[in-house]
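Each remark here refers to the structure printed beneath this line.
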Amino acid sequence: VLGQLPTWLQGILLRNGPGMHTVGDTKYNHWFDGLALLHSFTFRNGEVYYRSKYLRSDSYNCNIEANRIVVSEFGTMAYPDPCKNIFAKAFSYLSHTIPEFTDNCLINIMRTGNDFYATSETNFIWKIDPQTLETLDKVDYSKYVAVNVSTSHPHYDSAGNVLNMGTSVVDKGKTKYILFKIPPSVPEKEKKNSCFKNLEVVCSIPSRSLLHPSYYHSFGITENYIVFIEQPFRLDIVKMATAYIRGVNWASCLAYNKEEKTWFHFVDKKTKKEVSSKFFTDAMVLFHHINAYEEDGHIIFDIIAYTDSSLYDMFYLKKLTKDFAEKNKLTSRPTCKRFVVPLQYDKDAEAGSNLVTLPSTATAVKEKDGSIYCQPEILCEGIELPRINYDYNGKKYKYVFATEVQWNPVPTKIAKFNVQTKEMLHWGEDHCWPSEPIFVPSPDAREEDDGIVLTCVVMSDPKEAPFLLVLDAKTFKELGRATVDVEMHLDLHGMFIPEKDLKFDTE
């Protein structure tokens, strides 16, 4: 460790991301398809310990056993062993009609009660031991709630409940988005996974299209509302069901229609009913919500949006060459947008009037048919993988910690952005590719940015060792770094688990 880490920093930074892209002589097509690799930095008395381990999912085990890719991922369609006889082959084709999704949970880490899970966007999650990184139990959401896919960005409320969303495809002739709540773990004497048995459906939002539900990666939450954005970046269910037979990957079943509108849905947490006014904006693609809060009868929410869906295409492995950063330019830059949506407004307002009464350049204009067309305030451009001080989730806040990306999708710096003053601080060094920054509040924090920021830094120069960087969150000055003598992978998301929350299983 170089520099000085705060003495109070005790716990584990746990991260997840794609780690293995080749099995035997087969290769995945896409970076987001790689087999999940967990890694962790444990802080104990000023020292830092590193460990990494592949998630032993069924997908991982099947692939390793066959020594080739046999389980399909989003960007890679795998086919049965060519040695199988013709009947077995035909049967495999038929059984893929409704795809059995992969359990390669490579995107994020979720917490329920004292348990931690590796998650992705399918209906499977895997319980893991945050200290040893061992893979424990597999949970299938669809046994407890009718969802086929779910987000890997859940929210947590003050009572310790997990709130998440998933899509239920053509269930009883309807396709809908389902918001569900997982209570924290129940008393020890009850069986394992019983928090899922007590899972509750909070509400459902009908999809505007039966066979083309919207893709979404996250959602927003305020004190009283859930914020869900139905974007015209959609899954084609029929194409998805026939992808295997047609020999194409599931990613090709996603389509963006820039002529369509993006619809905003607000669900009242108490009544579990959706706000009846129709709010919309222009077509956009978003992956990450930053934060949302309420002020004087308005919902204000901040997101990072694109004008097209080119981001996913950037990460096909054939494009990830040595000069990737120079060669691959995004056709749409990530833009941090603030929407201000008036929930309480004069119902007799004339068509064409702006219903926003807060000081903002964001507008919400009433249309002739009574729907409300929202235009955002642009806060900044060129940031992604946003994180906040989670104590301010759903509340008025100031700071976003994020990676900085310009016209290519590789982060070269991390940034601290003040959404109120628009000031931005940076940290960056040559050859450094930092990961999503995680804010950890100091134990006696009085202000929103009292604490530190942690980020894993991978080097683009193979001769230089990767490291974990610790910054003072207020000044963005380096406090210390822990160099790791391994080949560290670029990860996606994760969380910091304070020492007090690391429970030792007595089972």
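Structural remarks
- Restricting attention to the stretch 265-322, the residues being more than 23 Å from the chain's Cα centre (by Cα) and in a loop (DSSP other than H, G, I, E, B) number 12.
- Pick from the stretch 365-424, criterion farther than 23 Å from Phe496 by Cβ and of a type in the set (Gly, Ala, Ser), ranking: nearest to the chain's Cα centre (by Cα): Gly382
- When residues of the stretch 122-156 are limited to those that are in contact with a Leu (Cβ under 9 Å, 6 or more places away or on another chain) and of a type in the set (Phe, Trp, Tyr), the one least open to solvent (accessible area, probe 1.4 Å): Tyr141
- Strands (runs of 3 or more DSSP E) wholly inside the stretch 337-424 containing at least 1 residues that are out of contact with any Ser or Thr (no Cβ under 9 Å at 6 or more places or on another chain): 363-366, 383-387, 399-404, 413-418
- Every pair of residues 6+ apart whose Cβ atoms lie under 8 Å, when the first sits in the stretch 41-58 and is farther than 19 Å from Asp485 by Cβ while the second is in a strand (DSSP E or B) and open to solvent by 60 Å² or more (accessible area, probe 1.4 Å): Ser57/Lys138; Asp58/Lys138
- Of everything listed in (1) open to solvent by less than 30 Å² (accessible area, probe 1.4 Å); (2) more than 19 Å from Asp171 (Cβ to Cβ); (3) modelled with pLDDT under 95, the single unmet condition for Pro213 is (2).
- Of all residues in the stretch 417-433, those satisfying the criterion of being open to solvent by less than 10 Å² (accessible area, probe 1.4 Å) and either at pLDDT 95 or above or touching a Leu at 6+ places or on another chain (Cβ under 6 Å) (or both) are Phe417, Val419.
- For the stretch 438-480, filtered to residues that are of a type in the set (Lys, Arg) and more than 16 Å from Gly428 (Cβ to Cβ), the residue that is modelled with the lowest pLDDT is Lys463.
- The stretch 300-352: number of residues that are open to solvent by less than 30 Å² (accessible area, probe 1.4 Å) and at pLDDT 90 or above: 17
- Scanning the stretch 398-420 for residues that are within 13 Å of Ala473 (Cβ to Cβ) and free of Cβ contacts under 8 Å to residues at least 24 places away in the same chain gives a single hit, Asn418.
- So Thr242, is it within 27 Å of Phe315 (Cβ to Cβ), of a type outside the set (A, V, I, L, M, F, W, C) and open to solvent by less than 10 Å² (accessible area, probe 1.4 Å): no
- Test for Leu490: is it touching a Pro at 6+ places or on another chain (Cβ under 9 Å), within 18 Å of Tyr49 (Cα to Cα) and either in contact (Cβ under 8 Å) with a residue 12 or more places away in the chain or of a type in the set (Lys, Arg) (or both): no
- Subset of the stretch 96-109 [part of a loop (DSSP other than H, G, I, E, B) and either crowded, with 18+ Cβ neighbours inside 10 Å or touching a residue at least 12 places away in the same chain (Cβ under 8 Å) (or both)]: His96, Thr97, Ile98, Pro99, Phe101, Thr102, Asp103, Asn104, Cys105, Leu106, Ile107
- Spans of strands (runs of 3 or more DSSP E) in the stretch 110-201 with at least 2 residues of a type in the set (A, V, I, L, M, F, W, C) and closer than 24 Å to Glu230 by Cβ: 162-171, 174-182
- Taking every residue in the stretch 238-265 that is more than 25 Å from Lys337 (Cβ to Cβ) and at pLDDT below 85 and pairing it with any residue that is among the hydroxyl-bearing types (Ser, Thr, Tyr) and open to solvent by 30 Å² or more (accessible area, probe 1.4 Å), at least 6 positions away or on another chain, the pairs with Cβ-Cβ distances below 7 Å are Ala241/Thr97; Tyr244/Tyr93; Ile245/Tyr93.
- Among all residues of the stretch 432-447, there is at least one that is farther than 12 Å from Arg387 by Cα, in contact (Cβ under 8 Å) with a residue 40 or more places away in the chain and assigned to a strand (DSSP E or B).
- Of the residues making up the stretch 1-54, those that are under 25 Å from the mean Cα position of the chain (by Cα), among the charged types (D, E, K, R) and within 25 Å of Val453 (Cα to Cα) are Arg15, Arg51, Lys53.
The values are calculated or read from the model by the stated rules, or taken from the named source; none is laboratory data. Note that this is a predicted model, so its numbers are computed, not measured. As a convention, Cβ positions derive from the backbone with ideal geometry for all residues, glycine included, and neighbour counts pool all protein chains shown. Side chains included, ligands, DNA and RNA excluded: accessible areas come from the protein's heavy atoms. Shrake-Rupley method; radii C 1.70, N 1.55, O 1.52, S 1.80 Å.
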